[in-house]
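Step one of this worksheet: look at the structure below.
The values are calculated or read from the model by the stated rules, or taken from the named source; none is laboratory data. Since the structure is predicted, the reported quantities are computational estimates derived from the model, not experimental observations. In this analysis, Cβ positions are derived from the backbone assuming ideal geometry, glycine residues included, and neighbour counts consider all displayed protein chains. Please note that ligands, DNA and RNA were not included when accessible areas were found on the heavy atoms of the full protein model with its side chains. Shrake-Rupley method; radii C 1.70, N 1.55, O 1.52, S 1.80 Å.
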Amino acid sequence: MFKSTIIYSLGYFLTKSIGLFLIPVYTKYFTTKEYGVLALLNILLQIISYIALLGISSAAMKKYHDKNNDSDHKQKLYGNAVLVLLFISPLLIFIISPIIYILSEKFLKSIEFFPFVFLIIFISIFSTIQKLFLGLLRIKNKPKQFIRFNFAFFLTQLIVIIILVVFLKKGLIGQVFAQLFTNIVFFFISL
């Protein structure tokens, strides 16, 4: 249990710590306002991603061993989970998007809905399948694949952010597009 805890914590830490590694980039290439907006966008991304995931990953992990080693049950379970996340989550997010728009216009006046919040909505939709896939790796006890996936995600996002922010000088919008690009790529890998 101790070994698994360390391995899965490391994978989780990699994906969540990218901002820590990018502090020197952000402080040099972002204004104070952009850095603050980035912090708000990350919080918003977490909230919208939580809504988009609908608890499907946790439910699938809980039900995975219900019928012992019935591989048909496991395939149907994760197949249905993928279908729900591919169709219901985007529909739900687009239905609540006007609410997100109204709330962001009222309470988050420093963040433009278009493109920033709009792109965050898309990132959250693409991230759901990754979370389901990572849950599957955990329930199947595949720590090496879990670490590889998270490390590849971390490294890809780090490189794309540096290219867009440092070399192409795209600032905050470059950072958000880097997140979107990375999440789209790993959405397809997860599928």
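Overview of values
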{"item": "Radius of gyration and Dmax over the Cα atoms of the stretch 107-191, both given in Å", "result": "14.5, 44"}
{"item": "Cα-centred dipole magnitude for the chain, charges only on beta-carbon of K, R (+1) and D, E (-1), debye, nearest 20", "result": "520"}
{"item": "Listed residue (SER89, THR27, PHE114) projecting farthest to the positive dipole end of the stretch 27-116, Cβ model", "result": "THR27"}
{"item": "Accessible carbon and sulfur surface of the stretch 117-167 relative to its total accessible area, %, 1.4 Å", "result": "71"}
{"item": "Ratio Rg/Rh, restricted to the stretch 1-119 and using Cα atoms, in which Rh is the Kirkwood radius", "result": "1.08"}
{"item": "Computed over the stretch 27-96, the ratio Rg/Rh where both radii use C-alpha atoms and Rh is Kirkwood", "result": "1.23"}
{"item": "Positive-end extreme of charge dipole, the stretch 97-191 - chosen from GLN145, GLY174, GLN130 (charges on Cβ)", "result": "GLN145"}
{"item": "Surface accessible to a 1.4 Å probe, LEU91 within the full protein complex, Å²", "result": "100"}
{"item": "Residue-averaged [θ]222 nm for the chain, counting only DSSP H segments that reach four residues, each worth -39500 (n - 2.57)", "result": "-25500 deg cm²/dmol"}
{"item": "Solvent accessible area, Å² - THR27, 1.4 Å probe, full protein context", "result": "90"}
{"item": "Set LYS76/LYS142; LYS16/LYS106; LYS74/LYS131; LYS33/LYS131; LYS3/LYS67; LYS28/LYS131 screened for pairs whose C-alpha atoms are more than 23 Å apart", "result": "LYS16/LYS106; LYS33/LYS131; LYS3/LYS67; LYS28/LYS131"}
